[in-house]
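Student: Shown below is the structure under consideration.
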Amino acid sequence: MAELEGRTKNISIDAKQLERMIESRARDMVQLLGRHIPQTRQLLRLLINGRIVCRPFDDERGKGYEITATGLMPAYSGRWR
């Protein structure tokens, strides 16, 4: 442990590359969940407490859905297109 004290590791992060990677992984996850509907529903029942409210919108933001739910991820309130 004494050897590690005072050492730092500098890393370089390309924000655009990281954003593309996260978006790609999110698309992969959505596709995977879409192929396994019964398991996806079961997972959502474990994570979400109560109802999922989906409100369609078609305005200056574009066209899509606002999704609101409470549960283990209460901070998430997003939209899907």
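Student: Return the residue satisfying two criteria in turn: it lies in the range 6-21 and is loosely packed, with under 10 Cβ neighbours inside 10 Å and of a type in the set (A, V, I, L, M), and of such residues it is farthest from residue 45 (Cα to Cα). So that I can check it myself, show each step before the final result.
Tutor: First, the residues of the range 6-21 that are loosely packed, with under 10 Cβ neighbours inside 10 Å: 6-17.
Still in the running and of a type in the set (A, V, I, L, M): 11, 13, 15.
Numbers: 11: 39, 13: 36, 15: 34 Å.
The residue in question is 11.
Okay, residues lined up against (1) over 13 Å from the mean Cα position of the chain (by Cα); (2) assigned to a loop (DSSP other than H, G, I, E, B); (3) at pLDDT below 90:
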site	(1), (2), (3)
12	yes, yes, yes
24	no, no, no
29	no, no, yes
38	yes, no, no
42	yes, no, yes
45	yes, no, yes
50	yes, no, yes
73	no, yes, yes
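Student: Kindly evaluate residue 34 against the criterion of being at pLDDT 90 or above and either surrounded by 10 or more Cβ atoms within 10 Å (Cβ to Cβ) or in a loop (DSSP other than H, G, I, E, B) (or both). Even if it seems obvious, please write down each step before you answer.
Tutor: Details: at pLDDT 90 or above: yes; either surrounded by 10 or more Cβ atoms within 10 Å (Cβ to Cβ) or in a loop (DSSP other than H, G, I, E, B) (or both): no.
So residue 34 fails the test.
The values are calculated or read from the model by the stated rules, or taken from the named source; none is laboratory data. Everything quoted here is computed from the prediction, not taken from an experiment. Counting neighbours? That spans all protein chains shown, and the Cβs are built from the backbone with ideal geometry, glycine included.
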